[in-house]
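S.K.: Got a structure for you, questions after.
The values are calculated or read from the model by the stated rules, or taken from the named source; none is laboratory data. It should be emphasised that the depicted structure is a prediction, and the values quoted were computed from it without experimental measurement. Here the Cβ positions follow ideal geometry from the backbone for every residue, glycine too, while neighbour counts run over all protein chains shown. When the accessible area is computed, the model is the full protein with side chains, heavy atoms only, and any ligands, DNA or RNA have been set aside. Shrake-Rupley method; radii C 1.70, N 1.55, O 1.52, S 1.80 Å.
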Amino acid sequence: MKAGISTACLYPMEVEQAFRQLAENGIKTAEVFVNSHCELYDPYRGEMLTIQKEYGVNVVSAHPYSCSIEPIMIFTVYERRLADMLEYYKRYFEYMNFFGAKYFILHGNKPQNPFPDEKYFERYLKLQETAERFGVCVLQENVARCTSRDLDFLVKMKADLGDKAAFVLDVKQAHRSGCDPLEIVRALGENIRHVHFSDHGKAGDCLKFGFGEYDNFTLFSELKKYGYDGNVIIELYRGSHDGAKDLAENCRELNKFLTENNF
């Protein structure tokens, strides 16, 4: 496993500035959170690519700012919206190809927008099949405010879709959903392809590595048991750290922990 950082940690800093600050502080693995439509295109895309090449950063995943409209655009009875959103997300997949990023993060539907599970899975497959044409894999994230907060829902998704179902484990969102991240690992196992990491403890649920009391050794041991050898992306809110240098130092601590324990 290899630790990295999401540009979202530095929000609302503009994405190319956040990316540069992480790169200048030695970060070699990153997730890019696209904050605005224009960032999918030049000159912003070109600046991001220049930074990537200059510092040798491996961009492994992308997160869309448009996740908030997925309930009305993907999980909708109005088919034209679905068609529009599939076309729009192709722009993200093309963007990801510039950087060699493989994983696209999906929040999905919200409980306030009732939608049958079977139809949900059909829509996910349509998005996944579209992404595959670009060499991209769509990952369903567990999110506290979304339908995916429910572990039973995620288990059903895995059972119905088999290998087509792929997930990102978000540790913070698991805690906020009242679910131990270990339960998610044991339930979804080998279908977990990506991890959003934060520590957890008395001081909160969005902490730097080593600043909480959660048993991270057992968490990573369990991931390894299911064959996980992907990335562990630090995803913290702005008030949980002191900037890019602080984040980079914490990322190095996490990488040291992963290496020393043969994770």
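S.K.: Can you pull out the residues in region 131-141 that are outside any strand (DSSP E or B) and open to solvent by 10 Å² or more (accessible area, probe 1.4 Å)?
M.R.: Hits for region 131-141 are Glu132, Arg133, Phe134, Gly135.
S.K.: Only one residue in Ala144, Ala159 is part of a helix (DSSP H, G or I), farther than 22 Å from Arg81 by Cβ, among the small types (Gly, Ala, Ser) and open to solvent by 10 Å² or more (accessible area, probe 1.4 Å). Which one?
M.R.: After applying the criteria, what remains is Ala159.
S.K.: While we're looking at this one, here's another question. Could you check, for region 175-182, whether at least one of its residues is assigned to a strand (DSSP E or B) and either aliphatic (A, V, I, L, M) or in contact (Cβ under 8 Å) with a residue 40 or more places away in the chain (or both)?
M.R.: Checking region 175-182: not a single residue is assigned to a strand (DSSP E or B) and either aliphatic (A, V, I, L, M) or in contact (Cβ under 8 Å) with a residue 40 or more places away in the chain (or both).
S.K.: Hey, can you tell me all the residues within region 188-234 that are at negative phi, assigned to a loop (DSSP other than H, G, I, E, B) and open to solvent by 50 Å² or more (accessible area, probe 1.4 Å)?
M.R.: Correct list: Lys202, Ala203, Phe211, Glu213, Asp215, Tyr226, Asp229.
S.K.: Of all residues being of a type in the set (S, T, N, Q), assigned to a helix (DSSP H, G or I) and under 17 Å from the mean Cα position of the chain (by Cα) in region 44-90, which is surrounded by the fewest Cβ atoms within 10 Å (Cβ to Cβ)? Just the residue, please.
M.R.: Filtering region 44-90 for residues that are of a type in the set (S, T, N, Q), assigned to a helix (DSSP H, G or I) and under 17 Å from the mean Cα position of the chain (by Cα), the one surrounded by the fewest Cβ atoms within 10 Å (Cβ to Cβ) comes out as Ser68.
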